[in-house]
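Visitor: Pasting in a structure now, in structure tokens, and then I'll have a few things to ask.
The values are calculated or read from the model by the stated rules, or taken from the named source; none is laboratory data. All of these numbers come straight from a predicted model, not from anything done at the bench. Using ideal geometry, Cβ is built from the backbone for each residue, glycine included, and neighbour counts are taken over all protein chains shown. For accessibility, only protein heavy atoms count, side chains too; no ligands or nucleic acids. Shrake-Rupley method; radii C 1.70, N 1.55, O 1.52, S 1.80 Å.
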Amino acid sequence: MVFGAGAFAGLAAEVERLGMRRALVLSTPGQRRLADEVARRAGERVAGIFAGAVMHVPVDTVLAARAAAEAVGADGCIAIGGGSTIGLGKALALEAAALAVAAGEAAPGSSGSVAAAERGRPSGALATLAIPTTFSGSEMTPVFGVTARGQKRTGRDERVLPRAVIYDPELLATLPVKVAGPSGVNGIAHCVEALYARDRNPITSLMAEEGIRALVASLPRVVADDSDREARAEARGEALYGAWLAGSCLAATSMALHHKLCHLLGGRYDLPHAETHTVLLPHVVQYNRDFAVEAMARLGRALGGADPAVGLFDLAQRLHAPLALRQLGLPESALDEAADLAMMGTYDNPRPLERSGIRQLLQAAWQGTRPGGAA
Ligand code: NAD
């Protein structure tokens with residue numbers, strides 16, 4: 001982990017330390033110039049750029065990136081961007097590992113990738129260097145997801161965990177307000193569910209509370225529309241620190257109803273990831289509030305003494321983020337099915353899953369009702 005304003009300047013040294021000689025740089029099309037900058041700074045150790053990362057890591061994108069890696073003989077990848085780009089790096093690492101297993105190069109570990117199963121060509125594993133430019137926290141987790149045939153499959157595999165991370169808040173100076181707020185709340189959501197996770201411990205709770213505090217304190221300043229550039233730069237640093245804690249919490253604990261609902265709604269109705277987190281979080285907290293007393297006390301404290309559900313709703317409002325599922329394009333007619341699907345999972349949650357309560361939660365989230373009051 002390298003953290004701090006200007007840390008990006010140490011890129012070449014990190015690439016060298018990881019022993020990469022022919023790295024493939026990954027980015028979205030919109031962040032291509034940043035990928036070019038990575039290539040310029042890492043010099044001969046970069047063999048190519050794949051600037052085709054998109055949301056939800058479609059298997060076709062994984063295959064295209066894989067082909068690009070093979071074409072240049074890549075021995076590692078540098079993922080620069082948000083959770084979508086880092087997710088592509090993870091899928092590529094998993095794919096390479098699965099292919100290596102198929103070729104007898106490594107011991108079988110876990111499931112393997114969809115794409116690998118479909119292609120079956122051998123290759124070595126790829127180390128990943130992640131350079132996050134949002135607050136998703138993905139760079140810290142062994143959680144991966146790949147979308148194939150309209151379904152996003154997720155899993156945990158230590159082999160997808162980036163070997164190194166460069167956190168440089170200066171890279172977030174270009175982050176649009178509409179990405180910054182929801183991605184920060186996505187980070188807060190990891191912390192909230194870590195606070196009441198069945199496998200939490202005193203250290204994860206400490207990290208989760210501090211992660212929420214840092215994100216809540218900094219995000220409004222990150223999106224502030226004023227000319228105090230220094231204050232905004234400092235706020236980006238504090239938020240990135242919160243995101244680091246958030247990713248660490250997600251990596252260390254099991255997530256519950258909130259992540260399950262986001263995953264379900266995102267996959268089934270193609271809703272945007274971070275925005276869905278932002279809209280649902282206050283309502284899931286409201287649902288769980290009486291069943292996770294210590295977690296709610298910590299959450300309230302991290303929110304500066306506010307009521308947990310109301311505090312999260314008001315934060316989203318201050319961040320100019322969406323507040324209602326209807327704003328994300330979800331038809332009201334989908335809510336019954338969504339509640340049914342939510343009941344099917346087998347996952348832990350502080351409050352037992354009750355269909356009527358979940359249906360109510362979804363209705364409030366769809367309408368954008370302020371918890372405990374009017375919209
Ligand atoms: P994203 O990566 O999809 O980025 C959104 C858009 O913002 C993209 O167009 C991107 O190019 C642009 N962008 C990112 N940083 C920018 C910057 N600094 N300046 C200008 N533009 C920038 O959004 P996200 O919210 O970071 O990631 C969402 C994805 O991450 C989802 O697919 C989600 O499933 C995944 N995720 C995974 C984990 C995990 O642990 N596996 C955790 C959280 C999120």
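Visitor: With a cut-off of at most 15 other beta carbons within 10 Å, and DSSP calling the residue loop, which chymotrypsin sites (Phe, Trp or Tyr not before Pro) in segment 285-375 qualify? Please list them.
Guide: Details: sites: Tyr287, Phe291, Phe313, Tyr347, Trp366; in loops: Tyr347.
Sparse-neighbourhood loop chymotrypsin sites (Phe, Trp or Tyr not before Pro): Tyr347.
Visitor: Just the number, please: percent antiparallel of the DSSP beta bridges in the chain, rounded to the nearest 5. Before the final figure, lay out the partial values.
Guide: Details: 6 of 25 bridges.
Percent antiparallel among DSSP bridges in the chain is about 25.
Visitor: Can you compute the charge dipole magnitude of segment 177-367 about its Cα centre, using +1 on each Lys and Arg Cβ and -1 on each Asp and Glu Cβ, nothing else charged? Give it in debye, rounded to the nearest 20.
Guide: Computed about the Cα centre, the dipole is about 100 debye.
Visitor: I would also like to ask the following. Enumerate the amide H contacts of Phe3 below 5 Å, restricted to partners 5 or more residues apart or on another chain; note that Pro and chain-start residues carry no placed amide H.
Guide: Amide H neighbours of Phe3, under 5 Å, 5+ apart: Tyr167.
Visitor: Another question, then. Once every DSSP H run of n ≥ 4 in the chain is given -39500 (n - 2.57) and the sum is divided by its residues, what mean residue ellipticity at 222 nm do you get, rounded to the nearest 500 deg cm²/dmol? Kindly include the intermediate steps, with their values, before the conclusion.
Guide: Working: 14 runs with 195 residues, N = 375.
Helix contribution divided over all residues of the chain: -17000 deg cm²/dmol.
Visitor: Full extension from Arg41 to Ala217: what is 0.36 nm times the residue separation minus their Cα-Cα distance, to one decimal in nm?
Guide: Numbers: separation 176, 0.36 × 176 = 63.36 nm, distance 3.33 nm.
Fully extending the segment from Arg41 to Ala217 adds 60.0 nm.
Visitor: Quick one: longest stretch of the chain between exposed loop trypsin sites (Lys or Arg not before Pro), exposed meaning at most 11 other C-beta atoms within 10 Å and loop per DSSP?
Guide: On the way: sites that count: Arg149, Arg198.
With trypsin sites (Lys or Arg not before Pro) excluded where exposed in loops, the chain gives 199-375 as its longest stretch.
Visitor: Okay, moving on. Give me a comma-separated list of calculated 3J(HN,Hα) values for segment 299-311, in order, Karplus coefficients 6.51, -1.76, 1.60 applied at θ = phi - 60°, integers in Hz, x for any Gly or Pro.
Guide: Coupling constants for segment 299-311: 5, x, 5, 5, 8, x, x, 6, 4, x, 5, 5, x Hz.
Visitor: Residue by residue, what Karplus-based ³J(HN,Hα) values in Hz, rounded to whole numbers, does segment 127-144 have, using 6.51, -1.76 and 1.60 with θ = phi - 60° and x for Gly and Pro?
Guide: 7, 10, 10, 9, 10, x, 10, 9, 10, 5, x, 4, 4, 9, 10, x, 8, 10
Visitor: Continuing with the same structure: Name the long-range amide H neighbours of Gly48: under 5 Å, sequence gap of 5 or more, or other chain; modelled H, no Pro or chain starts.
Guide: Residues meeting the criterion, in which the H sits 1.01 Å from N, are Val25.
Visitor: Continuing with this model, one more query. If one takes the longest principal axis of the Cα atoms in the chain, at what angle in degrees, from 0 to 90 and to the nearest 10, does the Cα axis of helix 335-344 lie?
Guide: Compared with the principal axis, the helix lies near 70 degrees.
Visitor: Per residue, how much accessible area does the chain show when a 1.4 Å probe rolls over the protein heavy atoms, in square angstrom?
Guide: On the way: 15270 Å² over 375 residues.
I get 41 Å² per residue for the chain.
Visitor: Using only Cα atoms, tell me the angle between helix 355-367 and the longest principal axis of the chain; keep it within 0 to 90° and round to the nearest 10.
Guide: 80
Visitor: Stretch Glu294-Phe3 to full length: gain in nm at 0.36 nm per residue minus the Cα-Cα span? Let's see the in-between values first.
Guide: Details: separation 291, 0.36 × 291 = 104.76 nm, distance 3.12 nm.
Working it through step by step, the gained length comes to 101.6 nm.
Visitor: Short version: ³J(HN,Hα) in whole Hz for each residue of segment 86-95, in order, from phi by Karplus 6.51 cos²θ - 1.76 cosθ + 1.60 (θ = phi - 60°), x for Gly and Pro, what are they?
Guide: 5, x, 5, x, 5, 4, 5, 5, 5, 4
Visitor: Summarise the accessible area of segment 177-367 (1.4 Å probe, protein heavy atoms) by the percent that is carbon and sulfur.
Guide: Values: 3960 of 7690 Å².
Ligands and nucleic acids excluded, carbon and sulfur reach 51 percent.
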